[in-house]
Amino acid sequence: DQHINDSVFTTHESEVRSYCRSWPTVFNRASGSWLTDSDGREYLDFFAGAGSLNYGHNNPILKAELIEYLTDDGITHGLDMATVAKGRFIETFTSKVLEPRGLDYKIQFPGPTGANAVESALKLARKVTGRESIISFTNAFHGMTLGALSVTGNSMKRAGAGIPLVHATPMPFDNYFDGVVEDFNWFERVLDDSGSGLNRPAAVIVETVQGEGGVNVARAEWLRALEQLCRRRDILLIVDDVQMGCGRTGEFFSFEEAGIKPDIVTLSKSISGYGLPMALVLIKPELDVWTPGEHNGTFRGNNPAFVTATKAIDTYWADGTLSADVHRKGERIHEVFTDLSTRHEGLSTRGRGMVRGLVFDEATAASKVCATAFGSGLLAETSGPSDEVVKLLPPLTITDDDLNRGLDILARSVEEVVA
Ligand code: PMP
């Protein structure tokens, strides 16, 4: 019997007992782009664990690899031991992801989650520079632990801390000022002004596309200007690629298109490829000042995750096929969203690759669209400071038929809500 009494889960009122979302059902099984609930009803998953399932649920190629590893009594918990699974991952990530892109980074395993990676990046930047403050952006999201929350720009989430956070300087994200690409000279003037009280920060932390913040896309020119500011002032540049990395925007790293080379990169979510907890921090070699034991954690080395992560890279990143596919499918979503935006007042669209937002000027409409879509078997989530954006993150490996089917459901839901 797969039936679970609904009352063990809470809904919106409290998230204490469960991280329950607006989807009022109990899910049970999942395969590819589909989830099944305990009543046997099927849903297309355009949420995909907020970008943790870029290769779909229970991807058969990764599953076979994992089953073989477990059948052979492969190590599951290896803490800081050197293991074959970990070694293979490091070799594969270096030779197939970093080297072909001309990137030279040391790889640190900070702990299992995105927030762990962000904490580690912030600590390292402060330790390397001996400076305290971090620059972060309006609408940024970097995680819920105290350091990561300090650089998160959402007042409601910050309020949950209850106490003052680590010192961070908020800056306007790209497009805050109506499409003007800044050179950041204004920031340097404030920095040089002894009357401003601003100390030189240790680092800037930025998402190239703000996922939780409402699919806000930073333009390549803006990212390059930001990198130049960092170089001029000897400030470290951290790109948080937890949600946009691993192919979401079309390239493996979301910053590739802009041609910038961050000092530190955080990755998590889809890096294991199988929805298993795993995170990485990539560090320019000269910045590796950790001494052994200075940043440790019991679940830093998830060996089954190394196994699926290695297989995912071998399978999907050996050539440019997946990249081309992501761009093509992303264009398809963009087409549908553009069509809806031209036909309906108060709608617009933004995004890159396979992260796309449909923006409503009336906040409640986006939630209504998601609720209506759920009724027709599609999972999609809202994002943005007022939940005014329907954000789509389908698995990158979704079939064209399933993508079109989901987009049809979404388009019909929009028509129903805005009619
Ligand atoms: N950084 C970014 C950009 C994210 O989107 C998220 C999660 N939504 C995090 C960090 C935090 O990751 P986690 O929830 O695994 O701690």
Discussion item. Show me the helices (runs of 4 or more DSSP H) found entirely inside region 302-419 where at least 1 residues are in contact (Cβ under 8 Å) with a residue 12 or more places away in the chain and of a type in the set (Asp, Glu).
Written reply: 303-316, 321-343, 400-418
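Going by the conditions given, is PRO100 assigned by TED's automatic domain parsing to the domain that holds ASN296, within 16 Å of the ligand (Cβ to nearest atom) and not polar (S, T, N, Q)?
On the way: assigned by TED's automatic domain parsing to the domain that holds ASN296: yes; within 16 Å of the ligand (Cβ to nearest atom): no; not polar (S, T, N, Q): yes.
Considered against the rule, which asks whether it is assigned by TED's automatic domain parsing to the domain that holds ASN296, within 16 Å of the ligand (Cβ to nearest atom) and not polar (S, T, N, Q), PRO100 comes out as no.
Within the group GLY143, GLY147, which residue is surrounded by 19 or more Cβ atoms within 10 Å (Cβ to Cβ), part of a helix (DSSP H, G or I) and within 16 Å of the ligand (Cβ to nearest atom)?
Numbers: GLY143 fails: part of a helix (DSSP H, G or I).
The match here is GLY147.
In the same structural domain as SER268 (by TED's automatic domain parsing) and free of Cβ contacts under 8 Å to residues at least 12 places away in the same chain, is that true of ILE163?
Details: in the same structural domain as SER268 (by TED's automatic domain parsing): yes; free of Cβ contacts under 8 Å to residues at least 12 places away in the same chain: yes.
In short, yes.
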Worksheet item: Are any residues in region 150-161 hydrophobic (A, V, I, L, M, F, W, C) and within 11 Å of the ligand (Cβ to nearest atom), and if so, which ones?
Response: VAL151
Item to complete: Please go through region 176-209 and pick out each residue that is of a type outside the set (Gly, Ala, Ser), under 28 Å from GLY51 (Cα atoms) and crowded, with 17+ Cβ neighbours inside 10 Å.
Response: VAL204, ILE205, VAL206, GLU207, THR208, VAL209
Response to the item:
Checked region 37-79 for anything in a strand (DSSP E or B) and either within 16 Å of the ligand (Cβ to nearest atom) or closer than 23 Å to GLN2 by Cβ (or both); matches are ASP37, GLU42, TYR43, LEU44, ASP45, HIS57
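In region 266-294, how many are part of a loop (DSSP other than H, G, I, E, B) and more than 16 Å from the ligand (Cβ to nearest atom)? Walk me through how you get there before you give the answer.
The first filter runs over region 266-294 and keeps only residues part of a loop (DSSP other than H, G, I, E, B), leaving 268, 272-279, 284, 288-294.
Cutting the leftovers down to more than 16 Å from the ligand (Cβ to nearest atom) gives us 284, 288-294.
Total satisfying the criteria: 8.
Of the residues that sit in region 150-164 and are part of a loop (DSSP other than H, G, I, E, B) and surrounded by 11 or more Cβ atoms within 10 Å (Cβ to Cβ), which one is farthest from the chain's Cα centre (by Cα)? Spell out the reasoning first.
So the first thing to find is which residues in region 150-164 are part of a loop (DSSP other than H, G, I, E, B), and the list is 151-154, 160-164.
Still in the list and also surrounded by 11 or more Cβ atoms within 10 Å (Cβ to Cβ): 151-154, 161.
Details: VAL151: 15, THR152: 14, GLY153: 16, ASN154: 16, ALA161: 22 Å.
Filtering region 150-164 for residues that are part of a loop (DSSP other than H, G, I, E, B) and surrounded by 11 or more Cβ atoms within 10 Å (Cβ to Cβ), the one farthest from the chain's Cα centre (by Cα) comes out as ALA161.
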Response to the item:
Of the residues in region 210-243, those that are touching a residue at least 60 places away in the same chain (Cβ under 8 Å), closer than 19 Å to LEU282 by Cα and within 16 Å of the ligand (Cβ to nearest atom) number 4
Worksheet entry | Residue among GLY353, GLY357 that is in contact with a His (Cβ under 8 Å, 6 or more places away or on another chain) and at pLDDT 95 or above | GLY353
Discussion item. Scan region 165-175 and tell me whether some residue there is within 14 Å of the ligand (Cβ to nearest atom) and crowded, with 20+ Cβ neighbours inside 10 Å.
Written reply: yes
Worksheet item: For the subset of region 253-265 comprising residues that are touching a Ser or Thr at 6+ places or on another chain (Cβ under 8 Å) and of a type outside the set (Gly, Ala, Ser), which member is farthest from the ligand (Cβ to nearest atom)?
Response: GLU257
Worksheet item: Would you say VAL118 is part of a helix (DSSP H, G or I), within 16 Å of the ligand (Cβ to nearest atom), touching a residue at least 60 places away in the same chain (Cβ under 8 Å) and buried (at least 16 other Cβ atoms within 10 Å of the Cβ)?
Response: yes
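Inspect all residues belonging to region 187-203 and state whether any of them is within 16 Å of the ligand (Cβ to nearest atom) and either closer than 30 Å to GLY56 by Cβ or not assigned by TED's automatic domain parsing to the domain that holds ALA309 (or both).
Let us first name the residues in region 187-203 that are within 16 Å of the ligand (Cβ to nearest atom), namely 203.
Checking the rest, the ones that are also either closer than 30 Å to GLY56 by Cβ or not assigned by TED's automatic domain parsing to the domain that holds ALA309 (or both) come to none.
Checked region 187-203: no residue is within 16 Å of the ligand (Cβ to nearest atom) and either closer than 30 Å to GLY56 by Cβ or not assigned by TED's automatic domain parsing to the domain that holds ALA309 (or both).
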Worksheet item: Of the residues that make up region 213-236, is at least one modelled with pLDDT of 95 or more, in a loop (DSSP other than H, G, I, E, B) and under 17 Å from SER133 (Cα atoms)?
Response: yes
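Under 23 Å from the mean Cα position of the chain (by Cα), more than 16 Å from the ligand (Cβ to nearest atom) and modelled with pLDDT of 95 or more: is that true of THR94 in this structure?
Yes, satisfied.
Count, please, the residues in region 256-269 that happen to be buried (at least 24 other Cβ atoms within 10 Å of the Cβ) and of a type outside the set (Gly, Ala, Ser). Full working, then the answer.
In the first step, residues of region 256-269 are kept if they are buried (at least 24 other Cβ atoms within 10 Å of the Cβ); the result is 262-269.
If we keep only those that are of a type outside the set (Gly, Ala, Ser) too, we end up with 262-267, 269.
Of the residues in region 256-269, 7 are buried (at least 24 other Cβ atoms within 10 Å of the Cβ) and of a type outside the set (Gly, Ala, Ser).
The values are calculated or read from the model by the stated rules, or taken from the named source; none is laboratory data. Please read all numbers here as calculations on a predicted model, not as lab measurements. Positions of Cβ are generated from backbone atoms using ideal geometry, with glycine treated the same way; all protein chains shown enter the neighbour counts.
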